[in-house]
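So the structure is just underneath, and the comments pick up after that.
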Amino acid sequence: MSEQDNAEHYQEAIAAINNRDIDAYVELLDESIVLETELAPAPIQGRDAARQLIQSYFDGIPDLHLEIQQIITSGDYVVARTHLTGTHKGTLVGIPATDSSIDVHSCNVVEIRDGKTIKSTLYSQSAKLFQQIGVLTLPKAMAAQP
């Protein structure tokens, strides 16, 4: 596939997520897909596990919306900056609903082969997410002293 095809493949995946069409999303994944995110204790492997992961995000953030801000392609790789918004209305990574607004950015490195995603590594603002839902408090940065 061309780099343009790979960019379009990624855009299709995000559109499927935004449309809550898990079947369309999973269809874009290879049977041996490996998903990595710091929100999971280990890599997610296989289509069924990927389906469960996406469903857990929908359960925790029913109004989840992803906006693609930038896509960079190189061979079989797509690197995308995304913006996620939504409301924490259900359990998310074991954390009960807080009704808090979520507004975080992430970067996803995706490898696509023969029209299917074979690996996806998500780097996101997890600390910011946890602050927004009230389970993490970080000290405010100290102003520089003259």
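Being touching a helix residue (DSSP H, G or I) at 6+ places or on another chain (Cβ under 7 Å) and either over 30 Å from Asn6 (Cβ atoms) or crowded, with 16+ Cβ neighbours inside 10 Å (or both) is true for just one of Leu138, Leu84, Leu129. Which residue is that?
Values: Leu84 fails: touching a helix residue (DSSP H, G or I) at 6+ places or on another chain (Cβ under 7 Å); Leu129 fails: touching a helix residue (DSSP H, G or I) at 6+ places or on another chain (Cβ under 7 Å).
Leu138 is the lone residue from the list that is touching a helix residue (DSSP H, G or I) at 6+ places or on another chain (Cβ under 7 Å) and either over 30 Å from Asn6 (Cβ atoms) or crowded, with 16+ Cβ neighbours inside 10 Å (or both).
Answer yes or no as to whether Ser106 is surrounded by fewer than 18 Cβ atoms within 10 Å (Cβ to Cβ) and small (Gly, Ala, Ser).
Numbers: surrounded by fewer than 18 Cβ atoms within 10 Å (Cβ to Cβ): no; small (Gly, Ala, Ser): yes.
No.
Quick one: how many residues across segment 88-128 are among the β-branched types (Val, Ile, Thr) and more than 17 Å from Ile14 (Cβ to Cβ)?
So in segment 88-128, the residues among the β-branched types (Val, Ile, Thr) come out as 91, 93, 95, 98, 102, 104, 109-110, 112, 117-118, 121.
Among the residues that remain, those that are also more than 17 Å from Ile14 (Cβ to Cβ) are: 91, 93, 95, 98, 118.
So the count comes out to 5.
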Pair list, Cβ under 6 Å, 6 or more apart: segment 57-73 residue on the phi > 0 side of the Ramachandran plot and exposed (fewer than 14 other Cβ atoms within 10 Å of the Cβ), other residue at pLDDT 95 or above and assigned to a loop (DSSP other than H, G, I, E, B): none
Selection from segment 22-55 of residues that are over 20 Å from Ile118 (Cβ atoms) and modelled with pLDDT of 95 or more: Gln55
Residues (surrounded by 15 or more Cβ atoms within 10 Å (Cβ to Cβ) and in a helix (DSSP H, G or I)) located in segment 16-41: Ala16, Ile17, Ile22, Tyr25, Val26
Residue pairs meeting the criteria (Cβ under 7 Å; at least 6 apart or on separate chains; first polar (S, T, N, Q), in segment 1-27; second buried (at least 18 other Cβ atoms within 10 Å of the Cβ)): Asn6/Thr73; Asn6/Val78; Asn6/Ile112; Asn18/Leu66
Filter result (of a type in the set (Ser, Thr, Tyr), in contact with a strand residue (DSSP E or B) (Cβ under 9 Å, 6 or more places away or on another chain) and in contact (Cβ under 8 Å) with a residue 40 or more places away in the chain) within segment 74-89: Tyr77, Thr82
Residue identified as over 18 Å from Gln55 (Cα atoms), surrounded by 15 or more Cβ atoms within 10 Å (Cβ to Cβ) and β-branched (Val, Ile, Thr) among Ile95, Ile112: Ile112
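The values are calculated or read from the model by the stated rules, or taken from the named source; none is laboratory data. In this text the structure is predicted, and so the values were computed from the model without any measurement. Virtual Cβ from ideal backbone geometry, glycine too; neighbours counted across all protein chains shown.
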